[in-house]
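Asks: Would you mind keeping the following structure in view while I ask a few things?
None of the figures in this text is laboratory data; all of them are computed from the coordinates on show. As the structure is a prediction and not an experimental result, all values here were calculated from the model. With ideal geometry, Cβ positions are generated from the backbone for all residues, glycine too; neighbour counts draw on all protein chains shown.
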């Protein structure tokens with residue numbers, strides 16, 4: 001079995017807050033391919049638009065747009081700029097788990113996760129949407145992420161609604177962390193300079 005192209009099927013519905021162990025992956029499950037995108041597509045509406053989503057013990061913030069519809073898997077779109085803490089790619093399991101636990105706790109699987117890291121003009125990286133497919137989940141903690149590029153048009157076909165591409169109204173850039181200072185906590189001279 002090629003585990004790089006398989007992910008766990010999420011079955012059963014344990015009581016809220018009960019860890020969900022991952023069954024063994026099966027070939028073809030949640031491959032992240034175009035066929036799966038077409039199968040997941042449904043008309044949804046944006047039910048959450050938080051410009052500064054965060055949760056206890058999360059190492060950063062991002063804009064969260066959550067699209068839902070009865071009978072369809074929720075789709076979460078996370079958008080972040082540099083300087084908001086841990087980047088989307090590095091924190092994907094924690095971020096997706098926090099959204100799942102807060103906004104979709106009764107769902108058997110995490111929301112379909114799409115992320116967009118916005119880079120400044122002239123950056124070497126490209127600001128584009130990426131769909132993340134997880135290999136499985138334990139509790140509300142997905143694991144084994146794999147990324148695939150997604151166009152804005154494919155994303156809007158998936159959710160059946162308009163998806164904003166920016167950081168959102170209400171976003172305020174966090175002030176830069178002050179540089180650490182040598183010396184005492186008050187910034188005065190330490191014992192090295194005392195006579």
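Asks: I need 154, 126, 36 ordered by Cβ neighbour count within 10 Å, fewest first. Each step should come with its number before you reach the end.
Replies: Details: 154 16, 126 8, 36 19.
Ranking 154, 126, 36 by Cβ neighbours within 10 Å, fewest first, gives 126, 154, 36.
Asks: Right, here's the next one. Taking the number of other C-beta atoms within 10 Å as the exposure measure, put 121, 138 in order starting with the fewest.
Replies: On the way: 121 5, 138 12.
If I rank by nearby Cβ atoms, fewest first, I get 121, 138.
Asks: Could you give the nm distance between label points at residue 47 and residue 161, where each point is 7 Å from its Cα heading toward the beta carbon?
Replies: 0.9
Asks: Which of 171, 140, 95 comes first, and how do the rest follow, when ranked by fewest Cβ neighbours within 10 Å?
Replies: Values: 171 16, 140 19, 95 30.
Fewest-to-most Cβ neighbours within 10 Å comes out as 171, 140, 95.
Asks: At 0.36 nm per residue, and after removing the present C-alpha to C-alpha distance, how many nm does the segment from residue 70 to residue 181 gain when stretched out fully? Intermediate results must be reported in sequence, preceding the final value.
Replies: Values: separation 111, 0.36 × 111 = 39.96 nm, distance 5.39 nm.
Result: 34.6 nm gained on full extension.
Asks: Also, I was wondering about something else. So, how do all the Cα-to-Cα distances of the stretch 38-159 break down into 10 Å bins, in percent, from 0 on up?
Replies: In whole percents, the pair-distance histogram is 13, 48, 33, 5, 0.
Asks: Still on this structure, I have one more. Label-point separation (nm) for residue 154 and residue 38, each offset 7 Å from Cα along Cα-to-Cβ?
Replies: 1.3
Asks: Also: Please give the FRET efficiency for residue 172 paired with residue 143, using the beta carbon to beta carbon distance and R0 = 35 Å, rounded to the nearest 0.05.
Replies: Numbers: r = 32 Å, r/R0 = 0.93.
Calculated transfer efficiency: 0.60.
Asks: Taking only the alpha carbons of the stretch 66-133, what extent do you get along each of the three principal axes, in Å, biggest first?
Replies: 42, 20, 16
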